[in-house]
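Throughout, read-outs are computed from the coordinates displayed, never taken from laboratory work. All values reported here derive from a predicted model rather than from experimental measurement. Glycine also receives a Cβ, built like all others from the backbone with ideal geometry; neighbour counts cover every protein chain displayed.
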Number of protein chains: 2
Amino acid sequence: MSLLDQLPTPVVLAPLAGGPSTPELAAEVASAGGLGFLAAGYLTAAQLAERIARVRSLTEGRIGVNVFVPGPGPAEAGSYQPYLERLARWAGERELPLGDPRYSDDDWPAKIELLLRERVPVVSFTFGCPERRVVEALRDAGCEVWVTVTSPDEAAEAERGGADALVVQGAEAGGHRASFVDRPELPVYALLPLLALVRSRSALPLVASGGIATGEALAAVLCAGASAGQLGTAFMLCPEAGTSEVHRSALQSDAETALTRAFTGRLARGIRNAFLDEHDASAPIAYPELHYVTAPLRQQAREQGNPELVNLWAGEAHALARALPAAEVVRQLVADARASLSAAAARHARAR
Amino acid sequence: MSLLDQLPTPVVLAPLAGGPSTPELAAEVASAGGLGFLAAGYLTAAQLAERIARVRSLTEGRIGVNVFVPGPGPAEAGSYQPYLERLARWAGERELPLGDPRYSDDDWPAKIELLLRERVPVVSFTFGCPERRVVEALRDAGCEVWVTVTSPDEAAEAERGGADALVVQGAEAGGHRASFVDRPELPVYALLPLLALVRSRSALPLVASGGIATGEALAAVLCAGASAGQLGTAFMLCPEAGTSEVHRSALQSDAETALTRAFTGRLARGIRNAFLDEHDASAPIAYPELHYVTAPLRQQAREQGNPELVNLWAGEAHALARALPAAEVVRQLVADARASLSAAAARHARAR
């Protein structure tokens, strides 16, 4: 039996690596009956250990940890050199700070060691399916292993790799696409058809992710075969989230989003701004190298309150996020989902 | 009260202009309790009149007619000249036929005159919202006027323009995007977030369109605020559909789809093939001019059974379409949707 069958409410907090993720947010979602998530991405294993301890001090609810699977190795420097030169010229003219490109495995071995010791109920993965040895070690340690997938092929690969559940991420999701590799013209499935295609091939429990901002949309994915919805943007205005002020403000607009590699060298959805529009067409695939290049620029812009240079990750329905305590967001989502399901079931009970 | 409130089953046939649309398919969907649709696109008004008469001879069920709203005028020839030269060179090497670029209003005034006389229950529009005079004349003639929208802004414009209902088309839909204008970097919303965003701003009845191939997905959009689902690809394998053999065969594969302007000069989703991959990156915005240029090439390829040169319009979930009579497709969709709604409602009735 999956942990998903035991969750009091079918709401999973998306990991939200890179700022919005806090132990307080995860704890509030868990205490409200959902599955709280900590993002391990961009943290050291030591920082992650602190956050796990903190969240455990705050709640007895269920918690997961999300980990970025490292890529096969550094990107070829030649592939991103022209973009580096472009950014250097552009930033130089504006006296903006840039960092150096570097590869990193994001402290992968130490994080896996930590998670084997910590035995959190769920460990989910983004950017790939770990090797079988890791999956089995985690399961032996008592963790459920979830793998995030963006296509039917990735779903099949994750199932063969031993995943206990699949987080099915649609095109509408904010932040990075979780695809196992990033490549040009990779198909970008929307959530509903992707759920249907994956469900037609796999009996694994599915968690639906991407653009879910209302109880009605949560009800929709539950009908479409998901055991729960994973919501990120919907929690980013909560007081418990670490979302920057400039990001909060942008989320509350009805600005358009787009998929871009401009900020990090990996495809991600964010609100369109000057940086995205200026550099999107030139950005190569080079993650995490370009993440480290633009990090100082983005950090300074956040501090200065300049939305035009910040990676404003957001799902397509960001304008519907609400600035309420996380527990209240969970309560309203579930109440609205239940009302929506009951109403639709009653209305169509008599259909031919 | 909208016709949508009176439909025995919440299933609307997508118009499927250009071949798959037949009076027989529309009649079968209507007789099964859904809303049958005839596509007026690419027909003369006289051909459309024959089809309306034919469908009325076949069913007493409810029927709609979908009309393409003509663009503001011919595209600037310079904007597509390089693409024409590219295609001419490429086709010449292969001894393939091409047509001449031409603008057309697709017999718009005569079709509107016809529909005012015929008084079909629903007239829906694609590629724009007609001027208020036309909307009001149709309504005075007893027709409901539906407008297809692809963004919250288009939804607001259609509501201001007097639409009775909105067909909300998500990114996952097969065939042409219905956007009021085609322009580069137009936002492409997935269905679920688009439904939520439109619903948050409008009380009009909504019909959800794009990637709905199963009863579970139909149940999903009903929860998400739609009064019905509009399905196209899901009916393209029906014996009543006019889908070509080469197209039927492609739909049954799990091939990837992509959005492209390569075939018609307007953004549309089809199964990737040699023509799409070869020309996609070069294709400008020039509709219907490029439609007429590639029409002979596509016609010949259909006749010769060559899938690599045909516009294989398909929604993202095309692999789930079933080769069953249309009435049986409707029955299974509705039965599965009802089962899915009941199960989800029961499972979550006790959530906190």
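For the reader, a short list of remarks on this structure follows.
- Sorted from closest to farthest, the other copies place their residue A:335 label points 3.9 nm away, with each point set 7 Å from Cα along Cα→Cβ.
- Tail beyond 39 Å, pair distance distribution of chain B (Cα, percent): 10
- Distance cut-off 27 Å, percentage of C-alpha pairs in the stretch A:1-152 lying past it: 32
- Shielding value for B:179-190 is 4, the average number of Cβ atoms from other chains within 10 Å of each residue's Cβ.
- FRET efficiency, 1/(1 + (r/R0)^6) with R0 51 Å, evaluated for residue B:104 and residue B:339 via beta carbons: 0.65
- For the stretch A:135-222, the equivalent ellipsoid derived from the Cα gyration tensor has semi-axes of 21, 16, 12 Å, listed largest first.
- Distance histogram in 5 Å bins (all Cα pairs of the stretch A:264-327, percent per bin): 4, 16, 22, 26, 16, 10, 6, 2, 0
- Label-point separation in nm, residue A:252 to residue B:186, each point 7 Å along Cα→Cβ: 3.2
- Separation between Cα centres of the stretch A:218-243 and the stretch A:324-351, rounded to whole Å: 13
- In the protein assembly as shown, the DSSP beta bridges split such that about 20 percent are antiparallel, to the nearest 5.
- Relative contact order (%) - criterion: Cα under 8 Å, at least six apart; region: the stretch B:244-306: 34
- Shape analysis of the stretch A:233-294 places it in the prolate category; the axes a ≥ b ≥ c from the Cα gyration tensor give an a/c of at least 1.5, with a/b above b/c.
- Euclidean distance between Cα centres, the stretch A:289-317 to the stretch B:110-136, Å: 47
- Annotation: peptides B:201-208, A:66-73, A:44-51, B:85-92, ranked by per-residue average of other Cβ atoms within 10 Å with the highest first, follow the order B:201-208, A:66-73, A:44-51, B:85-92.
- Neighbouring partner chain Cβ atoms per residue of B:52-63, average, 10 Å criterion: 0
- Modelled FRET efficiency - R0 60 Å, residue B:299 with residue A:116, Cβ distances, 0.05 increments: 0.45
- Shielding by partners, peptide B:329-339 (average Cβ within 10 angstrom, other chains): 2
- Each principal axis of the Cα cloud of the protein assembly as shown was taken in turn, and the coordinate range along them, longest first, works out to 75, 58, 44 Å.
- Point-charge dipole on Cβ atoms (K/R +1, D/E -1) for the protein assembly as shown, about Cα centre, debye to 20: 1560
- Label geometry 7 Å along the beta-carbon vector: residue A:303 inter-copy distances in nm: 7.0
- Above 19 Å, the calculated P(r) of the stretch A:200-276 contains 52 percent of its Cα-Cα pairs.
- Scaling the Cα radius of gyration of the stretch A:100-166 by the globular reference 2.2 N^0.38 Å produces a ratio of 1.15.
- Distances in nm from residue B:78 to the matching label points in the other copies, shortest first (labels 7 Å along Cα to Cβ): 3.8
- Rel. contact order, % - alpha carbon contacts under 8 angstrom, at least six apart, chain B: 19
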